[in-house]
Amino acid sequence: MARLAMLIDESQCTACRGCQVACKQWNDREGWLYSRTRNRGSYENPPDLSPQTWTRIKFTEYEGPDGFRWLFLKEGCMHCGDPACVAVCPTGALKQQPNGLVTFERELCNGCGYCTQFCPFHIPRLEVVNPLTGEAKSSKCVFCQDRVTNGLLPACVKTCPAKALDFGDRDEMIAKGQERVKALKARGYTQANLYGVDQLGGLGRLYVLIAPPEAYGLPANPQYPALANVWQKIIQPLGNVAFGATLLGILGAFLFVRRKIRMEEVR
Amino acid sequence: MAKILVVDDDPDFVNLTRRILQRKGYEVLTAASGQQALAVMRKEKPDLVLLDIMMSYILDGLDVSREMAQDPALKDVPVIMVTSLTGARAEAASLSGEYVPVDEWIHKPIDPDRLLARIEDALKGKAG
Amino acid sequence: MTVQLKGRAEAITIQWIPKYTTLERAAHWLHTATFVPLAITGMILYFPFLQPLAQGPAGMTFRLIHRVAAVIFGLLPIVYFIFQPRRLILNIREFLPSKDDIGWLKGAPAYYLLGRHEAMPPQGRFNAGEKMNGLIMIVAWFVFGLTGVPMWFGKGVIPPEVFRWLVVFHDLAMIVSVCMFLVHLYLAVAHPLMWAGLVSMRFGVTSAEYAAEHHAKWYYGPKRAMEIWEAKKREAAQKGGH
């Protein structure tokens with residue numbers, strides 16, 4: 001099955017934020033529970049991703065070599081090719097599908113929150129019901145897994161009036177993005193770039209950016225968290241070896257000692 | 001009045017016993033281990049020793065009483081062994097099966113009147 | 001106490017000496033009663049093959065059990081300290097390494113595996129193996145607490161980069177302490193030479209003869225214990241015909 005991806009052309013985005021609304025509408029997210037509007041001196045709203053806000057336009061004012069730019073970034077799960085969240089999830093609620101989507105099964109989630117701590121982009125959010133008992137559920141963009149598997153486009157892509165969003169075969173999205181970057185550069189956007197081609201096994205969320213990634217607050221070279229690797233690939237196997245060796249050692253000692261020490265001689 | 005050395009590594013027991021004895025007018029010295037006790041005994045020459053058995057090690061008190069018996073300066077000092085070990089065997093022989101030179105045994109928790117009576121008897125026995 | 005054992009012609013007598021106070025024993029067993037559920041519920045998140053137990057409402061229940069047990073586990077030494085501070089400090093001091101431990105390490109294989117009694121130099125109230133167990137558990141208590149409490153309350157408060165370290169150390173402490181626990185369990189329950197260990201932890205008393213053999217320094221005092229051991233070695237050497 002071909003890998004799917006979303007292409008977000010930030011040069012076309014007008015920051016109308018219809019995508020935020022469409023996402024909430026399709027996924028039954030609350031409008032004001034976590035996002036009570038407060039004038040913070042910016043059109044940007046809500047102030048952050050949350051269990052109720054799976055995508056969000058981030059506004060940044062940027063002074064670059066080409067002059068002043070008002071940068072818009074549609075935040076959300078990157079659907080990494082090498083997803084750390086899937087590796088650390090103890091329940092299998094987070095899964096990487098053959099089509100590249102990192103999906104989430106809410107019923108399986110036990111609220112441990114490891115995904116929120118190991119994501120290199122700090123995307124998943126924990127919806128905490130009770131901080132004492134730890135009852136919680138994780139929450140993130142799933143590329144409208146239910147729409148996509150039924151041949152539909154994700155809600156945000158469907159609704160974008162500026163045609164800044166596209167969704168389909170990843171190679172096609174990459175090709176389209178690279179063409180757009182070429183065209184932008186020809187028009188004087190010297191810093192235009194395509195983000196997400198190779199990072200972390202290739203991201204499922206590709207961005208056509210008109211400034212360097214750092215200007216948008218994106219890590220230029222995001223790393224798979226080293227500790228996730230240490231934890232899953234070194235410590236856990238070593239732990240299993242340690243347990244196995246201990247149990248075998250005890251069994252061996254028990255069988256050996258039975259032959260050598262007689263209970264009658266014990267004082 | 002007489003000088004009594006109380007030897008025990010449990011500070012609560014030492015304080016309690018010291019209060020009981022001082023109220024009767026005795027002068028009280030203390031030590032928390034066998035080694036300490038012997039040092040104090042040789043310096044201060046108490047008239048009687050209240051000796052706990054288990055201190056720095058299990059047989060500490062027994063070793064002290066044995067060393068006292070072998071020391072000409074100390075062998076006439078009456079010793080009352082205080083022990084939490086129960087059972088008649090504790091009195092007849094020691095844990096290691098050897099003879100222990102001791103004047104009296106008394107069990108914890110101590111009954112203050114009983115303790116004072118035994119001390120009086122032991123001191124009288126020494127004088128007379 | 002007179003005991004008639006099956007398979008032996010004559011009854012044996014056991015002289016009991018106190019070793020553990022009631023609070024010491026209660027603390028030990030309450031520690032066990034919290035450590036085991038903590039380990040098991042933690043392992044549900046650790047072993048991939050236990051994934052089905054980690055999922056959904058069942059998973060949340062196990063996490064809740066983990067937290068309840070953790071609170072008791074964490075408060076236990078503090079309560080102990082409030083009620084018997086001298087005893088707790090005495091025990092911690094007895095756990096600290098000493099020169100006897102080198103001797104124990106050298107003599108352990110011959111003693112525990114082959115039953116050669118003369119191979120083991122006299123030990124104090126705790127031998128090196130018991131000290132290792134105690135120290136590992138004490139260190140693990142600190143690590144579990146210092147990592148576990150922020151893991152519980154700190155999500156979204158402490159930086160994720162720090163949180164990742166906490167998880168790693170929480171896991172490491174679990175691996176080390178559970179392995180130690182398994183060895184401790186075997187020696188306490190199954191090893192024939194260690195019979196008085198479980199008795200003393202249940203009833204607070206140990207056999208005087210057992211203590212004389214296994215904790216000679218604690219029983220006879222350091223000087224006499226060494227003398228007895230030298231004599232035992234000489235006897236064994238003669239019998240062995242060296």
Q: Report whether or not residue B:76 is at pLDDT below 90, touching a Gly at 6+ places or on another chain (Cβ under 8 Å) and either more than 13 Å from every other protein chain (Cβ to nearest Cβ) or not in a loop (DSSP other than H, G, I, E, B) (or both).
A: no
Q) So how many residues does segment C:13-32 have that are surrounded by fewer than 17 Cβ atoms within 10 Å (Cβ to Cβ) and either of a type in the set (S, T, N, Q) or in a strand (DSSP E or B) (or both)? A) 5
Q) Scanning for something under 30 Å from residue A:88 (Cα atoms), under 23 Å from the mean Cα position of the chain (by Cα) and in contact (Cβ under 8 Å) with a residue 12 or more places away in the chain, does segment C:9-22 turn up at least one residue? A) no
Q: Residues being more than 7 Å from chain C (Cβ to nearest Cβ) and more than 14 Å from residue A:90 (Cα to Cα): count how many of those fall in segment A:114-130.
A: 10
Q) How many residues does segment A:140-164 hold that are within 17 Å of residue A:205 (Cβ to Cβ) and of a type in the set (Gly, Ala, Ser)? A) 2
Q: Report the residue count in segment A:94-113 for those that are facing another protein chain (nearest Cβ under 7 Å) and either more than 16 Å from residue A:137 (Cβ to Cβ) or touching a Ser or Thr at 6+ places or on another chain (Cβ under 9 Å) (or both).
A: 5
Q) Of the residues C:226, C:132, C:180, C:194, which single one is more than 10 Å from every other protein chain (Cβ to nearest Cβ) and either under 19 Å from the mean Cα position of the chain (by Cα) or under 23 Å from residue A:258 (Cβ atoms) (or both)? A) C:132
Q. Would segment C:75-92 turn up any residue that is touching a residue at least 24 places away in the same chain (Cβ under 8 Å) and either in a loop (DSSP other than H, G, I, E, B) or touching a Lys or Arg at 6+ places or on another chain (Cβ under 7 Å) (or both)?
A. yes
Q. Is one or more of the residues making up segment A:169-178 over 30 Å from residue C:46 (Cβ atoms), away from chain C (no Cβ under 14 Å) and within 18 Å of the chain's Cα centre (by Cα)?
A. yes
Q | Unique match (being farther than 20 Å from residue B:115 by Cβ and of a type outside the set (Val, Ile, Thr)) among B:29, B:38 | A | B:38
**Q.** Enumeration of residues in segment A:108-124 that are among the hydrophobic types (A, V, I, L, M, F, W, C) and over 13 Å from the mean Cα position of the chain (by Cα)
**A.** A:108, A:109, A:112
Q. Of the residues in segment C:33-84, how many are basic (Lys, Arg) and surrounded by fewer than 18 Cβ atoms within 10 Å (Cβ to Cβ)?
A. 1
Q) Tell me, which helices (runs of 4 or more DSSP H) wholly within segment C:109-214 include 2 or more residues that are free of Cβ contacts under 8 Å to residues at least 12 places away in the same chain? A) C:128-153, C:160-189, C:195-203
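Yes or no, residue by residue, for (1) closer than 20 Å to residue A:101 by Cα; (2) among the small types (Gly, Ala, Ser); (3) touching a Lys or Arg at 6+ places or on another chain (Cβ under 8 Å):
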residue: A:19; (1), (2), (3): yes, no, yes
residue: A:40; (1), (2), (3): no, no, no
residue: A:46; (1), (2), (3): no, no, yes
residue: A:54; (1), (2), (3): yes, no, yes
residue: A:75; (1), (2), (3): yes, no, yes
Q. Hey, which of the helices (runs of 4 or more DSSP H) in segment A:16-123, taking only ones fully inside, have at least 1 residues that are outside the structural domain of residue A:211 (by TED's automatic domain parsing) and buried (at least 20 other Cβ atoms within 10 Å of the Cβ)?
A. A:84-88, A:114-118
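The values are calculated or read from the model by the stated rules, or taken from the named source; none is laboratory data. A quick note: this is a predicted structure, and the numbers were derived from the prediction, not measured. With ideal geometry, Cβ positions are generated from the backbone for all residues, glycine too; neighbour counts draw on all protein chains shown.
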